[in-house]
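The values are calculated or read from the model by the stated rules, or taken from the named source; none is laboratory data. This is a predicted model, so every value here is computed, not measured. Glycine gets a Cβ as well: all are built from the backbone with ideal geometry, and neighbour counts include every protein chain shown. The protein model used for the area step is the full one, side chains on, heavy atoms only, and it has no ligands, DNA or RNA in it. Shrake-Rupley method; radii C 1.70, N 1.55, O 1.52, S 1.80 Å.
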Amino acid sequence: MKTLLVCAGGFSTTMMMESMKKIVKESKSLDEKDYLMEAIGVDKLDRYINDYDVILVGPQLSHKYDFIKGEADKINKPTVLLTSDIYGSMDGATVMKQALVAYRKNQASKTQ
């Protein structure tokens, strides 16, 4: 699963991405090579969106979420708007679960 984290400048999502990578690395059931991640600023979204399976959006972009979701929906990519609580605490485990759920729901909808 390839996950793209998007925020205003890419800095805070880089910290979240590192938290998520740590969860994957420490997991007994997840293999690091199966979970690629990248953090970017929203200004680069159009260049990267096609290459990822799940788009995670930082809460500071909640005002742009409808636009980002619309762009992702056009190419059948699931999106998750992260909450301020989860994001502020850098809860990589919860964000990883949200990404997996969104990805699996999207995959299941393709087979129906």
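With respect to the conditions (1) part of a loop (DSSP other than H, G, I, E, B); (2) loosely packed, with under 12 Cβ neighbours inside 10 Å, residue 77 lacks only one, and its number is (2). Going by the structure shown, is residue 64 touching a helix residue (DSSP H, G or I) at 6+ places or on another chain (Cβ under 7 Å), open to solvent by 60 Å² or more (accessible area, probe 1.4 Å) and free of Cβ contacts under 8 Å to residues at least 24 places away in the same chain? Spelling it out, residue 64 is indeed touching a helix residue (DSSP H, G or I) at 6+ places or on another chain (Cβ under 7 Å), open to solvent by 60 Å² or more (accessible area, probe 1.4 Å) and free of Cβ contacts under 8 Å to residues at least 24 places away in the same chain.
Select from the stretch 97-112 the residues that are open to solvent by less than 50 Å² (accessible area, probe 1.4 Å) and touching a residue at least 24 places away in the same chain (Cβ under 8 Å) and write down the one among them that is farthest from residue 6 (Cα to Cα). Of everything passing the filter in the stretch 97-112, 106 is farthest from residue 6 (Cα to Cα). Would the stretch 10-19 turn up any residue that is β-branched (Val, Ile, Thr) and modelled with pLDDT of 95 or more? Within the stretch 10-19, none of the residues are β-branched (Val, Ile, Thr) and modelled with pLDDT of 95 or more.
Each residue in the stretch 81-96 was checked for being in a helix (DSSP H, G or I) and surrounded by 13 or more Cβ atoms within 10 Å (Cβ to Cβ), and 7 of them qualify. Among the residues making up the stretch 53-112, those that are touching a Ser or Thr at 6+ places or on another chain (Cβ under 6 Å), closer than 21 Å to residue 22 by Cβ and not hydrophobic (A, V, I, L, M, F, W, C) are 58, 59, 92. Only residues that are within 11 Å of residue 4 (Cβ to Cβ) and surrounded by 16 or more Cβ atoms within 10 Å (Cβ to Cβ) were counted in the stretch 43-61, giving 8.
On inspection, residue 4 does not qualify as more than 21 Å from residue 89 (Cα to Cα) and surrounded by 12 or more Cβ atoms within 10 Å (Cβ to Cβ).
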